[in-house]
Amino acid sequence: MQDPDKDSIARSFDDAKTTYSAWGVDVERALSTLATIPLSLHCWQGDDVGGFESPAGLTGGGIQATGNYPGKARTADELRSDYEKAFSLIPGKHRANIHAIYAETGGRKIDRDALSPEHFSAWMSWAKKLGIGLDFNETYFSHPKAESGFTLSSRDRKVRDFWVNHSLRCREIGEEMGKETGRPCIVNLWIQDGCKDQPADRLTPRRHLAESLDRIFEKRVDPRYMKDALEGKLFGIGSESYVVGSHEFYLAYALSHDMMLTLDMGHFHPTESVADKISSILLFFRELLLHVSRGVRWDSDHVVILNDEVKAVATEVTRAGAWDKVHVATDYFDASINRVAAWVIGARATMKAILLALLEPADMLKKEESSGNLTARLALMEEARDLPFTAVWNRFCQLQGVPAGASWLDKVTEYEQSVLSRRR
Ligand code: RNT
Ligand code: ZN
């Protein structure tokens with residue numbers, strides 16, 4: 001597929017600038033803002049949330065990728081190489097988001113409560129080489145001590161201790177990542193704890209979870225290096241009736257402990273709008289982490305596309321002028337298509353959603369609203385939908401040195417032929 005050439009990108013961009021300026025939109029400013037917004041690209045799309053703890057890399061409990069498309073990354077080096085291919089096709093300067101199961105232990109069995117920064121030194125030197133930041137996640141799933149379905153909220157004190165220690169190690173790793181890369185590392189906590197059927201006691205596990213969190217976060221870390229975030233959820237497979245770490249639980253915990261909250265777009269009832277939550281949270285929280293995802297009928301973690309939900313989320317952050325407080329991470333996993341393409345599709349869609357939001361004639365719409373002209377508000381919102389966005393997107397890709405159109409797919413196909421297809 002042929003991308004638009006340099007001259008036609010330049011011509012369309014000039015026209016678009018004129019059109020947008022009639023709507024009071026400064027296109028150059030939108031472009032320079034977009035260039036400063038990093039996505040934290042999740043590593044787990046590259047190997048179906050397998051990690052490198054065991055050669056089988058099997059997940060179990062809490063998380064599951066479906067599909068068996070050939071060519072998944074089997075080692076950290078392969079994963080990094082795939083990451084670099086994806087980065088080269090996504091406009092902007094992004095970050096890498098790693099889970100604890102992606103430790104490199106040189107073949108030695110190191111349990112999760114014994115992980116240390118040295119097991120991530122290759123990730124850190126790689127990030128430094130690319131000049132990107134790193135984010136980190138504790139891994140509370142795919143482990144014998146998670147099989148009961150309870151970790152930090154377990155009734156078994158020994159199980160809780162183990163996972164508290166895991167968290168403490170992960171926060172040290174995150175701190176080191178922040179120091180090494182010179183950019184704060186967000187350490188995100190998500191646990192699967194919950195149960196299939198209706199519990200007789202919803203309170204005790206939540207009390208245990210709160211106590212575990214108190215132990216984990218007792219030591220404060222300099223936010224120049226590391227920041228903690230908490231991610232709740234409505235339900236999961238095997239936790240349909242009760243999730244200990246619900247949205248309300250973490251909303252209350254994070255607010256009362258001055259921490260960051262994570263909103264995953266798949267973690268709410270399908271008719272609930274994540275976009276609508278953002279302005280409320282921004283009023284009371286310093287920072288917010290978004291997990292951009294796509295649930296199809298449930299929290300299915302489909303590849304992100306440019307749908308109304310993602311556009312609405314980006315629009316809300318932009319209207320609130322909050323891009324300095326909101327962090328965006330991708331979170332999905334599809335093993336049924338080329339995994340590098342899956343990364344690129346979701347990340348490009350997210351960047352497009354942000355650009356669309358930055359190009360919204362927000363001042364004009366807010367003015368009509370405040371003057372009470374609700375007819376004009378709706379009419380202009382609709383007319384603004386087909387402003388020449390593509391011309392600005394192409395220009396952004398050109399400035400960032402990545403393919404403007406669908407030709408990025410040819411690059412992925414080449415990579416599949418020369419690299420991925422050799423992985424057996
Ligand atoms: C799971 C959460 C969580 C995970 C990753 C792998 O429902 O969304 O963020 O996807 O930690
Ligand atoms: Zn998530």
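Rule-based calculations on the coordinates, nothing more; no lab input. These figures come from a predicted structure and were not determined experimentally. Note: ideal-geometry Cβ built from the backbone for every residue, glycine included; neighbour counts use all protein chains shown.
Observations on the model:
- Flag if GLY238 is within 20 Å of the chain's Cα centre (by Cα), under 21 Å from ASP301 (Cβ atoms), of a type outside the set (A, V, I, L, M) and within 16 Å of ligand 1 (Cβ to nearest atom): no
- Scanning region 253-280 for residues that are within 16 Å of ligand 2 (Cβ to nearest atom) and without any contact (Cβ under 8 Å) to a residue 24 or more places away in the chain yields GLU272, LYS277.
- Qualifying residue in region 59-71 (condition: surrounded by 22 or more Cβ atoms within 10 Å (Cβ to Cβ) and either away from ligand 2 (no atom under 16 Å from the Cβ) or assigned to a helix (DSSP H, G or I) (or both)): no
- Residue in region 206-221 that is of a type in the set (Gly, Ala, Ser), away from ligand 2 (no atom under 15 Å from the Cβ) and either farther than 30 Å from GLY182 by Cβ or in contact with a Ser or Thr (Cβ under 9 Å, 6 or more places away or on another chain) (or both) present: yes
- For region 76-103, residues that are in contact with a Phe, Trp or Tyr (Cβ under 7 Å, 6 or more places away or on another chain), more than 17 Å from SER142 (Cα to Cα) and not in a helix (DSSP H, G or I) total 4.
- Only one entry of VAL304, VAL326, VAL296 meets the criterion of being under 15 Å from LEU34 (Cβ atoms) and without any contact (Cβ under 8 Å) to a residue 60 or more places away in the chain, and that entry is VAL326.
- Here SER32 fulfils each of the conditions (1) assigned to a helix (DSSP H, G or I); (2) without any contact (Cβ under 8 Å) to a residue 60 or more places away in the chain; (3) closer than 22 Å to GLY178 by Cα apart from (3).
Residues are listed down the side, and each one gets a yes or a no for (1) within 12 Å of the chain's Cα centre (by Cα); (2) of a type outside the set (D, E, K, R); (3) not in a helix (DSSP H, G or I):
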{"position": "SER279", "(1), (2), (3)": "no, yes, no"}
{"position": "LEU282", "(1), (2), (3)": "no, yes, no"}
{"position": "ARG286", "(1), (2), (3)": "no, no, yes"}
{"position": "ASP299", "(1), (2), (3)": "no, no, yes"}
{"position": "VAL317", "(1), (2), (3)": "no, yes, no"}
{"position": "TRP323", "(1), (2), (3)": "no, yes, yes"}
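- Qualifying positions in region 245-285 - within 18 Å of GLU316 (Cα to Cα), within 16 Å of ligand 1 (Cβ to nearest atom), out of contact with any Leu (no Cβ under 8 Å at 6 or more places or on another chain) and not charged (D, E, K, R): GLY266
- Of all the residues in region 282-292, those that are over 10 Å from LEU263 (Cα atoms) and in contact with a helix residue (DSSP H, G or I) (Cβ under 9 Å, 6 or more places away or on another chain) number 3.
- Taking the criterion of being more than 16 Å from ligand 1 (Cβ to nearest atom) and not charged (D, E, K, R), the residues of region 154-194 that qualify are SER154, VAL159, PHE162, VAL164, ASN165, LEU168, MET177, GLY178, THR181, GLY182, PRO184.
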